[in-house]
Every structure is written in structure tokens, then in C-alpha cells.
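Below: the structure, in C-alpha cells.
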Amino acid sequence: MEYRNLGRTGLKVSELCMGTMQFGWTADEATSFDVLSASFDAGINFIDTADVYSRWIEGNAPGTSETIIGKWIKKNNIPRHQLVIATKVRGQMSDDPNDQGLSRQHIMRSVENSLKRLQTDYIDLYQSHSVDGDTPIEETLRAFDDLVTQGKVRYVGCSNYPAWRLMEALWTAEKNNLARYDCIQPNYSLLKRAEFERETASVCKEYGIGVIPYSPLARGFLTGKYRKDQEIPKDSREYKNERIKGYFTENNWALLELMEKIGEANGGKSISQVALAWQLSDPLITSPIIGPRNMEQFNDNFGAVGFRLSAEDKTALDKATAWE
């Protein structure tokens with residue numbers, strides 16, 4: 001297992017990050033415990049969650065994923081210092097109109113609730129889940145800066161920020177001597193490259209921002225479970241989601257064939273392992289976020305650890321998915 005610096009922070013994180021949006025949704029508590037234990041035993045020290053996971057499921061309380069993680073840590077006596085826990089704030093947590101966004105009021109309220117659910121006294125990486133256009137960035141960063149000073153948060157980051165918003169935050173932090181975003185979480189995969197690569201990638205490189213992409217398998221399309229002229233598997237999380245069908249193009253079917261050939265030529269690696277290796281072979285990427293909902297998916301994802309593409313294979317994938 002390779003461990004990498006998270007941007008310019010002092011944190012070293014595993015080359016794969018355990019995403020937990022599926023906990024309490026497509027993975028029940030017992031399965032979530034199994035996945036967490038297997039990942040920890042395998043050397044994955046980086047766990048990503050959010051306070052809204054998985055509030056959208058009827059009967060779930062806000063912070064279900066955080067609660068499961070906290071219970072797992074306590075049940076298994078996991079040494080807290082051996083984990084790097086990342087969570088996020090921004091989403092609507094109740095019917096209260098002020099219980100959402102990136103205002104100081106909401107951040108201060110939310111961090112306390114996240115700490116309780118996670119059963120910890122600090123969060124390693126606290127992230128803005130998305131932009132809040134109604135709150136000045138200085139207010140958000142001052143709140144984060146106070147949390148860092150108080151020791152409740154080690155570092156702060158953001159998710160789903162366009163390049164100009166990230167630059168605005170970096171400039172504001174520098175001007176006012178505030179904690180800055182040291183990490184970004186973009187939606188990035190072989191099938192969604194332009195949004196990150198067009199501008200944000202160069203900002204991250206220039207300013208030493210860690211990059212932890214979510215959905216590196218493109219909502220499961222880059223696992224190979226979807227095939228041309230075949231029905232969508234009934235057990236797919238995306239079975240009723242029309243967005244997955246947007247990937248059903250001739251170019252993308254050809255991409256799967258190419259990835260399958262590359263995997264076979266590299267000792268029988270799966271399509272998903274090739275997709276993860278494409279990111280792991282890029283020095284700009286810190287740690288792709290995986291989201292296995294069972295042990296079979298975890299074992300497949302984990303097979304990407306240590307796997308790097310040759311320059312020839314990476315170039316072939318780059319050309320097959322070029323966006324310019």
C-alpha cells in the first residue's frame with residue numbers, strides 16, 4: 001500500500017479512500033462494518049463521509065453514515081490516530097431553513113453533530129460539500145479557521161467547486177490569514193474529464209491542492225457490468241436512474257473493450273481496476289474514492305492497489321476519452 005501526502009498538509013493517506021455514501025443505503029450496518037474492517041486490515045486509512053449520507057432514505061436520520069463509522073470505531077477499538085477521517089458540511093439536515101449551507105451558524109452546529117456521530121473529538125479533513133452562493137466565502141473560511149484553532153478540525157477542503165470558486169477561496173484565505181482549502185473532491189473519471197481538467201487541475205498543481213475524486217467508476221459504468229445490447233442488471237443501484245443510460249454510446253462501449261484488453265494484458269485486471277489505475281497513475285491524484293457496497297466489490301476495487309498503467313496504456317485511454 002502506497003501512502004501519499006494529502007496536498008501540502010501533514011497527512012499521509014492511503015492510495016485508495018473508502019467512500020461511505022452507501023452505508024445505511026445499499027449497504028446495511030453489518031455489511032458496512034465488514035467493508036470497513038476489511039479496508040482497515042488491508043491498510044486503507046482514509047475514510048470519507050458527509051453529514052447528509054444517507055438522509056434521502058426513508059427512515060434514515062441525518063448522519064447515518066457518520067453514525068455507522070463511529071459505532072465501528074468504538075466496537076473494534078480502532079486507534080483513532082491510525083485513521084484519517086473526512087466528512088462534509090453544506091446539505092440540508094432538517095426542515096429548518098438555517099440548517100443548511102456554509103454560514104457560520106450552520107457550520108458550528110453541524111461540526112458538533114458530526115463529532116458526536118463519529119464518536120471522536122476531531123475531524124482530520126472537514127469539507128464544504130458544494131458552493132454556497134448565499135454565504136460570503138470569508139464567513140465560511142473564518143468559521144473553518146476557528147475550528148482549526150480550537151482543534152476540532154485539522155484541515156479543510158472542498159467538493160464540487162469550479163476553478164474560479166477555488167481560487168476565490170485561496171485568495172481570501174491568503175489575504176485574511178485564514179485556513180485554506182488544502183484538498184478538493186471533484187466528480188472525475190475517464191467519462192467525466194473536462195470539468196476537472198479544463199481549469200481546476202492546473203490550480204491544484206500550482207497551489208499544492210490534494211485531489212480525491214469521487215465516482216471514479218462513473219456510477220458503475222466503468223466496472224463492465226453494463227454491456228451493449230444487454231438489459232441493465234436488476235441489482236444495479238442505477239437501475240431506475242436515467243443518467244446511467246447517458247453513458248450508453250458507441251464510443252463508451254468501445255472504451256470498455258479497450259479497458260478489458262488492457263486488463264487482460266496486465267495479468268487479468270478487471271475493468272474497474274484499470275479505471276482506478278488510470279487515476280493512480282496520475283501524480284496529481286491523491287486518492288480516488290471507492291464506494292463498495294459489499295465484500296465482492298471491495299475485493300475488486302482493492303485489486304487496483306499498487307497497479308499502475310504503462311505510459312502506452314495510459315495514453316491509449318487518454319486518447320479514447322479525449323474531450324478537447
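The values are calculated or read from the model by the stated rules, or taken from the named source; none is laboratory data. Nothing here was measured: the structure is a model prediction, and the numbers come from that model. Here Cβ is always computed from backbone atoms with ideal geometry, including for glycine, and neighbour counts include all displayed protein chains.
Looking only at segment 52-79, which residues are among the polar types (S, T, N, Q) and over 12 Å from N113 (Cβ atoms)? Write out each step before concluding.
Let us first name the residues in segment 52-79 that are among the polar types (S, T, N, Q), namely 54, 60, 64-65, 67, 76-77.
The answer is S54, N60, T64, S65, N76, N77.
Mind checking which residues of segment 193-236 are of a type in the set (G, A, S) and outside any loop (DSSP other than H, G, I, E, B)?
Selection gives A194, A201, S202, G210, A218, G220.
All but one of (1) over 25 Å from A304 (Cα atoms); (2) crowded, with 22+ Cβ neighbours inside 10 Å hold for G19, so report the exception by its number.
Every condition holds for G19 apart from (1).
Just to be sure, is A50 at pLDDT 95 or above, part of a loop (DSSP other than H, G, I, E, B) and among the aliphatic types (A, V, I, L, M)?
When the stated conditions are applied, A50 passes them.
Within segment 252-293, how many residues turn out to be of a type in the set (S, T, N, Q), in contact (Cβ under 8 Å) with a residue 40 or more places away in the chain and in contact with a helix residue (DSSP H, G or I) (Cβ under 6 Å, 6 or more places away or on another chain)?
Qualifying residue count for the region: 2.
Please enumerate the residues belonging to segment 80-112 that are loosely packed, with under 12 Cβ neighbours inside 10 Å and either under 21 Å from T31 (Cα atoms) or hydroxyl-bearing (S, T, Y) (or both).
S94 - this is the single residue of segment 80-112 that is loosely packed, with under 12 Cβ neighbours inside 10 Å and either under 21 Å from T31 (Cα atoms) or hydroxyl-bearing (S, T, Y) (or both).
Given the criteria over 16 Å from the mean Cα position of the chain (by Cα) and more than 18 Å from M93 (Cβ to Cβ), does F33 qualify?
Criteria met by F33.
When only residues in segment 25-45 that are of a type in the set (V, I, T) and part of a helix (DSSP H, G or I) count, which is farthest from I57 (Cα to Cα)?
This residue is V35.
Of the residues that sit in segment 53-64 and are part of a loop (DSSP other than H, G, I, E, B) and of a type outside the set (A, V, I, L, M, F, W, C), which one is farthest from Y214 (Cα to Cα)?
Looking at the filtered set, the residue picked out is G59.
Does L115 count as surrounded by fewer than 24 Cβ atoms within 10 Å (Cβ to Cβ) and closer than 23 Å to F302 by Cα?
Against the criterion (surrounded by fewer than 24 Cβ atoms within 10 Å (Cβ to Cβ) and closer than 23 Å to F302 by Cα), L115 does not qualify.
I'd like to verify a number: residues in segment 124-133 that are of a type outside the set (S, T, Y), in contact (Cβ under 8 Å) with a residue 40 or more places away in the chain and either part of a loop (DSSP other than H, G, I, E, B) or in contact with a Leu (Cβ under 8 Å, 6 or more places away or on another chain) (or both), how many?
The total comes to 4.
Does any residue of segment 111-123 turn out to be under 30 Å from P283 (Cα atoms) and touching a residue at least 24 places away in the same chain (Cβ under 8 Å)? Outline the logic, then answer.
Step one: filter segment 111-123 for residues under 30 Å from P283 (Cα atoms), giving 122-123.
Going one step further and asking which of them are touching a residue at least 24 places away in the same chain (Cβ under 8 Å), we end up with 122-123.
Looking for residues that are under 30 Å from P283 (Cα atoms) and touching a residue at least 24 places away in the same chain (Cβ under 8 Å), one finds at least one in segment 111-123, hence yes.
Return the residues of segment 161-200 that are of a type in the set (G, A, S) and surrounded by fewer than 20 Cβ atoms within 10 Å (Cβ to Cβ); say none if nothing qualifies.
A163, A194
I want to confirm something. Restricting to segment 37-51 and keeping residues that are surrounded by fewer than 24 Cβ atoms within 10 Å (Cβ to Cβ) and touching a residue at least 24 places away in the same chain (Cβ under 8 Å), which single residue is nearest to S65 (Cα to Cα)?
D51
If you check every pair at least six apart or on different chains, which have Cβ atoms under 9 Å apart with a residue in segment 203-224 that is farther than 20 Å from W164 by Cβ and in contact (Cβ under 8 Å) with a residue 24 or more places away in the chain first and a residue that is surrounded by fewer than 20 Cβ atoms within 10 Å (Cβ to Cβ) and of a type in the set (F, W, Y) second?
Going by the 9 Å Cβ cut-off, the qualifying pairs are F221/F248.
I'd like the residue in segment 258-281 that is of a type in the set (D, E, K, R) and over 17 Å from S189 (Cα atoms) and, out of all such residues, is surrounded by the most Cβ atoms within 10 Å (Cβ to Cβ).
Among them, the one singled out is K269.
Which residues, counting only those in segment 52-63, are loosely packed, with under 15 Cβ neighbours inside 10 Å and farther than 17 Å from G291 by Cβ?
E58, G59, A61
Does segment 165-188 hold any residues that are farther than 20 Å from D134 by Cβ, of a type in the set (A, V, I, L, M) and not in a helix (DSSP H, G or I), and which are they?
Those that are farther than 20 Å from D134 by Cβ, of a type in the set (A, V, I, L, M) and not in a helix (DSSP H, G or I): A179, I184.
Within segment 7-22, is there a residue that is assigned to a helix (DSSP H, G or I) and within 17 Å of F298 (Cβ to Cβ)?
Among the residues of segment 7-22, not one is assigned to a helix (DSSP H, G or I) and within 17 Å of F298 (Cβ to Cβ), which makes the answer no.
Could you look through segment 130-146, keep only residues that are crowded, with 18+ Cβ neighbours inside 10 Å and among the hydroxyl-bearing types (S, T, Y), and pick out the one that is farthest from the chain's Cα centre (by Cα)?
T135
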